[in-house]
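Data first, discussion second: the structure below is written as structure tokens.
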């Protein structure tokens, strides 16, 4: 068939790799198990697609070796992403929270359409509803056994690119295929776990959290490693929302997290000011200035919300301050890969050449995107890594 490379996976990394290779005059074949390309792109950001982040740096990524990103982000920058989508699809980015860039149309399908158009224009092939069953290393190249249209076929290629993602969201075709291939050929894989995922609460406190389902609070959420200031969302099973998703990437089972429910105020100071005005209001009335009625009632389980502020003892004041600013949570677990946005861990960066993402052990075998031990924060960072890794691989194939 004369392909320069076969790319497994038509997600963000695989599509970028194919079109960038096409721009260099190369011919690739993309194999995708779904019935359309870009399945995960289409659902990202609630269907709006937060396609990069203006403030991307290696500090926004979790990896055994974050410095590995230096080469990728030197070759493909955030400006390159912005110019690519604007130049090839007329997509203008609009900044939302914390540097997150969305298409002004708010349509993820517009991002996928850029790749569909460029694939056609550069003559790249894509086979949908195609499952790669096996990959064998033979005669300096690779033989792929695929299942297509109900029958098995064999494809031969000198170079193969694994851009098949990670374990999150099985209904979109997620699998550990790239990890299995890596292990088969002796590549080290860092332990994997769901990341950017809601956390669950069980046991005696479960009902308390469930009673607050739907309530959102701006908070600072911390572990002993890092903290994030964004909204948290109470749910029927525990906690979600941007700050919780962020902290989940750093949280390990058995650990506690601390939540400052009022990060922009000092409750001690608020109580002092109330006392100076006579302290006639009750604790609950002061809390009502900052929280919903439901939240205040729930906090009444721990706090003397019906006491007048003037009547508070030092112990009461300390309890309120600690509860508001150091609310401690011990999650039971997380909601798993089906609710996770990404996977942490993956193929060790030690196994890959940083400038090309080619395997050091297996010539002509490349890994990009989520399968690699590079996990971004919430907010467009994972897409920036996917675009950059697709670009890097394309330059080498």
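The values are calculated or read from the model by the stated rules, or taken from the named source; none is laboratory data. Since this is a predicted model, take the numbers as computed values, not measurements. Every residue, glycine as well, gets a Cβ built from its backbone with ideal geometry; the counts of neighbours run over all protein chains shown.
Quick look at the numbers
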| quantity | calculated |
| --- | --- |
| Positions within the stretch 334-372 being at positive phi and not in a helix (DSSP H, G or I), in sequence order | 336, 345, 346, 357, 364 |
| Selection within the stretch 57-76 - assigned to a loop (DSSP other than H, G, I, E, B) and in contact (Cβ under 8 Å) with a residue 24 or more places away in the chain | 63, 64, 65, 76 |
| The stretch 86-109 - residue that is surrounded by 17 or more Cβ atoms within 10 Å (Cβ to Cβ) and more than 21 Å from the chain's Cα centre (by Cα) and, of those, modelled with the lowest pLDDT | 89 |
| Output for the stretch 44-53, where each listed residue is at pLDDT 95 or above and either part of a helix (DSSP H, G or I) or more than 12 Å from the chain's Cα centre (by Cα) (or both) | 53 |
| Residue match in the stretch 267-279 (condition: at positive phi and loosely packed, with under 14 Cβ neighbours inside 10 Å) | yes |
| Filter result (under 17 Å from residue 178 (Cβ atoms) and within 30 Å of the chain's Cα centre (by Cα)) within the stretch 119-139 | 130, 131, 132, 133, 134, 135 |
| Where a residue in the stretch 343-365 is farther than 22 Å from residue 136 by Cα and its partner, wherever it lies, is assigned to a loop (DSSP other than H, G, I, E, B) and modelled with pLDDT under 95, with Cβ under 7 Å and at least six apart | 343/166; 343/167; 343/168 |
| Per-region count, the stretch 38-54, residues out of contact with any strand residue (DSSP E or B) (no Cβ under 9 Å at 6 or more places or on another chain) and without any contact (Cβ under 8 Å) to a residue 60 or more places away in the chain | 1 |
| Filtered residues of the stretch 140-155 (kept if more than 31 Å from the chain's Cα centre (by Cα) and farther than 13 Å from residue 8 by Cα) | 140, 141, 149, 150, 151, 152, 153, 154 |
| Filter result (over 32 Å from the mean Cα position of the chain (by Cα), part of a loop (DSSP other than H, G, I, E, B) and surrounded by 14 or more Cβ atoms within 10 Å (Cβ to Cβ)) within the stretch 280-306 | 281, 300, 302, 303, 304, 305 |
| Residues that are in contact with a strand residue (DSSP E or B) (Cβ under 7 Å, 6 or more places away or on another chain) and under 20 Å from residue 42 (Cα atoms), drawn from the stretch 102-128 | 102, 103, 104, 110, 111, 119, 126, 127 |
| Within the stretch 168-271, strands (runs of 3 or more DSSP E) holding 2 or more residues that are not assigned by TED's automatic domain parsing to the domain that holds residue 325 | 189-195 |
| Boolean, residue 221 is surrounded by 15 or more Cβ atoms within 10 Å (Cβ to Cβ), in contact (Cβ under 8 Å) with a residue 40 or more places away in the chain and at negative phi | no |
| Search result, residues across the stretch 307-326 that are closer than 13 Å to residue 271 by Cα, touching a residue at least 12 places away in the same chain (Cβ under 8 Å) and in a helix (DSSP H, G or I) | 309, 310, 311, 316, 317, 319, 320, 321, 324 |
| Which listed residue is closer than 30 Å to residue 14 by Cβ and surrounded by 19 or more Cβ atoms within 10 Å (Cβ to Cβ), from 347, 309, 320 | 347 |
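Condition check ((1) part of a loop (DSSP other than H, G, I, E, B); (2) assigned by TED's automatic domain parsing to the domain that holds residue 167; (3) surrounded by fewer than 21 Cβ atoms within 10 Å (Cβ to Cβ); (4) at pLDDT 95 or above) across all residues:
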site	(1), (2), (3), (4)
13	no, yes, no, yes
22	no, yes, yes, yes
25	yes, yes, yes, yes
30	no, yes, no, yes
55	yes, yes, yes, yes
